[in-house]
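J.: Questions regarding the structure given below will be posed in turn.
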Amino acid sequence: MVGMSLLRRTLLGVLLLVGCDATSAQTPGHTEAKLPNGIRVTLLGTASGPRVHVGLAGTSTLVEAGSERLLFDAGRGFMQNLVKAGFPMTAATKLFLTHLHSDHVVDIPDLLLTPWSAAPERKVPLEVWGPDGTRKMMSHLVEAFAFDIHVRRDVDESFSPDGIKVVAQDIRPGKVFERNGVTVTAFPVTHGLVEPSYGYRVDYGGHSVAISGDTSPSDNLVAACKGVDVLIHEAIDLDLLRQLVPNRQRRDAIVARHTTPEQAAGVFKKVSPRLAVFSHSPGTPAIVEQTKRFYSGRVEMGRDLMVIDIGDEVRFRSANAESRPQ
Ligand SMILES: [Zn+2]
Ligand SMILES: [Zn+2]
């Protein structure tokens with residue numbers, strides 16, 4: 001009887017493993033062959049602003065380069081899309097924050113706690129880089145969830161003490177990460193009174209991708225990103241904004257700290273990326289249409305779960321992508 005039950009358990013284990021492989025084989029992201037010296041970008045969330053957009057995740061971008069997986073911002077619901085894209089929950093252990101506006105950080109608690117407390121558990125610390133205030137915010141988050149951390153680590157489930165550690169740093173402009181041939185460079189951008197705010201550029205194997213963060217047209221971004229393979233940039237839709245924010249003064253303040261399609265075209269002309277992709281925008285067709293009036297290069301609207309491969313060629317696909325409401 002003992003033998004049978006062991007056999008049954010073993011068979012069940014094998015079936016579960018096969019089941020996992022079969023599921024992940026159909027999904028984009030980590031299961032696809034790695035590009036030699038290339039970079040793969042998965043847009044985990046592309047929605048704009050703090051407002052809830054049903055079916056869309058808040059701003060978050062995963063960059064895979066060599067053996068590194070780097071996450072940029074942690075908007076609402078990005079963990080759902082991480083798993084939907086075929087990654088294990090533990091895939092993201094290195095988080096870079098562009099700035100501390102809530103729509104960029106609101107799901108850090110999910111990233112901190114969930115992969116640590118659900119199999120397969122994270123057993124390494126969560127590393128976080130971000131502007132001044134990042135360290136403080138992270139230590140407050142650990143404090144806010146002290147009960148759950150204590151019970152799961154010390155009393156009940158014995159989850160990894162290392163896995164719930166946070167190593168956070170407040171960065172300065174320049175190279176902030178250099179491991180296994182991958183470098184991340186932070187550059188200050190202009191986001192109204194929200195200072196400091198950063199954009200990031202990732203370089204690996206002669207290829208590169210940059211993420212603007214929230215910014216109005218930024219000379220720093222242009223200087224740091226000239227000739228980058230892929231530029232992921234924010235944008236606003238002025239017509240939509242007029243409908244959503246009738247108050248002229250409030251609207252002008254929003255416009256002043258973001259980038260219009262026409263302004264984005266000006267930035268793209270100076271940076272000259274092989275592909276420009278909008279993310280953290282309302283996703284309306286007008287944004288790409290208006291940009292194309294002033295810019296003749298390749299430009300695409302980013303969608304949740306869009307995968308961009310950067311190698312000798314720059315290709316993107318939208319497997320599993322949700323269709324965006326127009
Ligand atoms: Zn934002
Ligand atoms: Zn912002």
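Laboratory data are not the source of any read-out in this text; all were calculated from the coordinates shown. Only a predicted model underlies this, so the values are computations on that prediction, with no experimental measurement involved. Reconstructed Cβ throughout: ideal geometry from the backbone, glycine too, with neighbour counts over all protein chains shown.
J.: Would you work out the relative contact order for the chain, in percent, from Cα pairs under 8 angstrom that are 6 or more residues apart?
T.: 17
J.: Would you work out which of Ala47, Ala256, Thr291 lies farthest towards the positive end of the dipole of region 36-317? Charges go on Cβ: Lys and Arg +1, Asp and Glu -1.
T.: Toward the positive end, the furthest listed residue is Thr291.
J.: What residues qualify as long-range amide H neighbours of Asp304, i.e. H under 5 Å apart, gap of 5 or more or another chain, H built at 1.01 Å from N?
T.: For Asp304, whose amide H was placed from the backbone, the distant partners under 5 Å are Thr46, Glu322.
J.: Scan around Ile232 for amide H atoms under 5 Å from its own, H built in the peptide plane at 1.01 Å from N, and keep only partners 5 or more places away or cross-chain.
T.: Ala210, Ile211, Ser212, Val277
J.: With +1 on each Lys and Arg Cβ and -1 on each Asp and Glu Cβ, and nothing else charged, work out how big the dipole of the chain is about its Cα centre, in Debye to the nearest 20.
T.: 400
J.: How much length is gained on full extension from Val166 to Val54, taking 0.36 nm per residue of separation minus their Cα-Cα distance?
T.: 37.3 nm
J.: State, to one decimal in nm, how far the label point of Val155 lies from the label point of Arg251, with both points 7 Å from Cα in the Cβ direction.
T.: 5.3
J.: Under a Cβ-Cβ cut-off of 14 Å, what is the net charge of the residues other than Asp219 that fall near it, where Lys and Arg count +1 and Asp and Glu count -1?
T.: Net charge around Asp219: +3.
J.: Let me ask another. What share of Cα pairs, in percent, lie more than 32 angstrom apart in region 36-317? Walk me through the numbers on the way to the answer.
T.: Numbers: 8399 of 39621 pairs.
Within region 36-317, distances greater than 32 Å cover 21 percent of Cα pairs.
J.: While we're on this one: Quote the FRET efficiency, to the nearest 0.05, computed for Glu121 versus Ser67 with a Förster distance R0 of 22 Å and r equal to the Cβ-Cβ distance. Walk me through the numbers on the way to the answer.
T.: Numbers: r = 20 Å, r/R0 = 0.93.
So the FRET efficiency works out to roughly 0.60.
J.: Can you give the local net charge around Thr259? Use residues other than it whose beta-carbon is closer than 10 angstrom to its beta-carbon, Lys and Arg +1, Asp and Glu -1.
T.: Its environment carries a net charge of -2.
J.: Calculate the tail of P(r) for region 200-326: the fraction of all Cα-Cα distances greater than 25 Å, expressed in %.
T.: In whole percent, the long-distance tail amounts to 23.
J.: With respect to the cross-link table entries Lys84/Lys226; Lys226/Lys292; Lys175/Lys269, which display a Cα-Cα separation exceeding 31 Å?
T.: Where the Cα-Cα span goes over 31 Å, the pairs concerned are Lys84/Lys226.
J.: A further question on this structure: What FRET efficiency, computed as 1/(1 + (r/R0)^6) with R0 = 41 Å and r the Cβ-Cβ distance, is obtained for Arg242 and Arg317, rounded to the nearest 0.05?
T.: Result of the calculation: an efficiency of 0.75.
J.: Related question: Run the quick spin-label model on Phe147 and Ser272: label points 7 Å from Cα toward the beta carbon, then report their separation in nm to one decimal.
T.: 5.9
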